[in-house]
Amino acid sequence: MSEEIVIGLEVHIQLMTKSKIFCQCSTDYIGKKPNTNVCPVCLGLPGSLPVLNKKVLEFAIRTALALNCKINRASIFHRKNYFYPDLPKAYQISQYDSPLGVNGYMEIFIPESDEKRKIGITRVHIEEDAGKLIHEGDIATSSYSLVDYNRCGIPLAEIVTEPELRSPEEARIFLIKLRNLVQHLEVCDGNMEEGSLRCDANVSVRDIQTGNLGTKTEIKNMNSFRAVKKALQFEVDRQKELLAEGVKIVQETRHWDESKNITLSMRSKEEAHDYRYFPEPDLLPLRVSQEMIEEVRKTLPELPEVRKERFIKIYNIPEYDAEILTSSKALGDYYEKAASLYPDKKVVSNWIMGELMRFLKEEKIEIEDSPISPENLIEMLKLMDERIISGKMAKDIFETMFKTGKGARQIIKESGVTQITDENELIKIVDKIIKENPKSVEDFNQGKEKAINYLVGQVMRSTKGRAKPDFVFEAIKQRMKKIR
Ligand SMILES: [Zn+2]
């Protein structure tokens, strides 16, 4: 049987508003004492009434517009009823059959097949988050759990795709692009490990001959891009195996176990009607005026695709460089800061994409936390231009900069390497280098003025950067003219 993989994603993003979705509690809850960031509204106490935070609506519209969605001018909130210990109201305020944004798309590029694909966005809706259970010890053997309601009422936007992703790798590419987009929109910090961007996936397998679509399962608890790819691959393989054996696939929710690299059955999948959705009587229907939509559209920040084109045009760097440098907002910001301080934009991109990204990857550090600031990177490049350090020395100094967070000038100073001030000593070295490099002398005699640079570099190297570059340059020039 030849099969086609069918994957749809449900992504929750935490919107970075200052206050919660229906009350004035602060959204700054991480690291706070449990149950201190709450009020009668987010605790769902009797008599309390929710009021929609306008900023949440604005951020959700911004997200929906950037995903090319149609904005429903009239939408309503629904109660999604279910009991869970971290949900004190026993219902979640969400949107159901009338969401804020519908029928959008996002284009992704698949390097493997060298094609661009439009992935449909079914809907973008607004909802509130629940609290958090803290299990004592290991969840399986835990004797009790504690509940922290600080996260109750944190605003979320849920983004649902059409089941149009055709491989686990496509799902990973989509998610990376979506995170980059919401970061550029400044609506979500996109931190998967801290849970501000969460992804669930629906997976099924279609028989190509018959066109029959298999039963789908839902996968939860994937906390990184790598986990998404691994979990989906595991699930696809599991389903294919079952189908080959003629075993029926059960519709269920499965949990990705990162330590065992498997998906495990959590519960049989609930249907929408199990939730007894009904219109939220405490909130007015949501009406969005055309003016508000246009207002938000006008304030949309520069999106990654546009930024990439700008990088190519303004900085005159290859598309490949621009693609990588705009793959995250923070990386793009880092590059722009560095490029603003240095004339050769390609040199800047080479150092960032080469040495810096290699070190960051090795040490598993995000660009936001880079020990080398854009200013320090440029200081080092300028020291190279001034011929105070050679290219080879720069690589060593770069490593020290990365490990210590210090600037290049400071590192040179602290290493005790001081300049040679005795000019007679320098001239002796210059003569020695000229003698050792007859090819450069010949090049210079044939009019290649640049041969001097090479010789200066050799002097700098042999003195470990301790020579005065301007003096060496002049000395070599004088000597060469005599020889010529
Ligand atoms: Zn509150």
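Quick rundown of the values:
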{"item": "Scope the stretch 244-269; condition farther than 26 Å from S2 by Cα and of a type in the set (D, E); matching residues", "result": "D257, E258"}
{"item": "All positions within the stretch 132-155 that are within 16 Å of the ligand (Cβ to nearest atom) and part of a strand (DSSP E or B)", "result": "K132, V147, D148, P155"}
{"item": "Residue within the stretch 366-373 that is open to solvent by 40 Å² or more (accessible area, probe 1.4 Å), β-branched (V, I, T) and farther than 18 Å from K177 by Cβ present", "result": "no"}
{"item": "Any chance A338 is surrounded by 15 or more Cβ atoms within 10 Å (Cβ to Cβ), in contact (Cβ under 8 Å) with a residue 40 or more places away in the chain and of a type in the set (A, V, I, L, M)", "result": "yes"}
{"item": "Boolean, I159 is closer than 17 Å to Y91 by Cα, surrounded by 24 or more Cβ atoms within 10 Å (Cβ to Cβ) and of a type in the set (V, I, T)", "result": "no"}
{"item": "Hits in the stretch 162-175 (condition: open to solvent by 20 Å² or more (accessible area, probe 1.4 Å) and charged (D, E, K, R))", "result": "E162, E164, R166, E169, R172"}
{"item": "Search result, residues across the stretch 428-484 that are β-branched (V, I, T) and buried (at least 16 other Cβ atoms within 10 Å of the Cβ)", "result": "I429, V430, I433, I434, V441, I452, V456, V459, T463, V472, I476"}
{"item": "Every residue from the stretch 401-423 that is at pLDDT 85 or above and open to solvent by 60 Å² or more (accessible area, probe 1.4 Å)", "result": "K403, T404, K406, R409, Q410"}
{"item": "Failed item, numbered, when L178 is tested on (1) among the aliphatic types (A, V, I, L, M); (2) open to solvent by less than 10 Å² (accessible area, probe 1.4 Å); (3) closer than 30 Å to L284 by Cα", "result": "(3)"}
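The values are calculated or read from the model by the stated rules, or taken from the named source; none is laboratory data. As the structure is a computational prediction, the values presented were derived from the model and not from experiment. FYI the Cβ positions are ideal-geometry reconstructions off the backbone, even for glycines, and counts take in every protein chain you see. Surface accessibility is based on the protein's heavy atoms, side chains included, excluding ligands, DNA and RNA. Shrake-Rupley method; radii C 1.70, N 1.55, O 1.52, S 1.80 Å.
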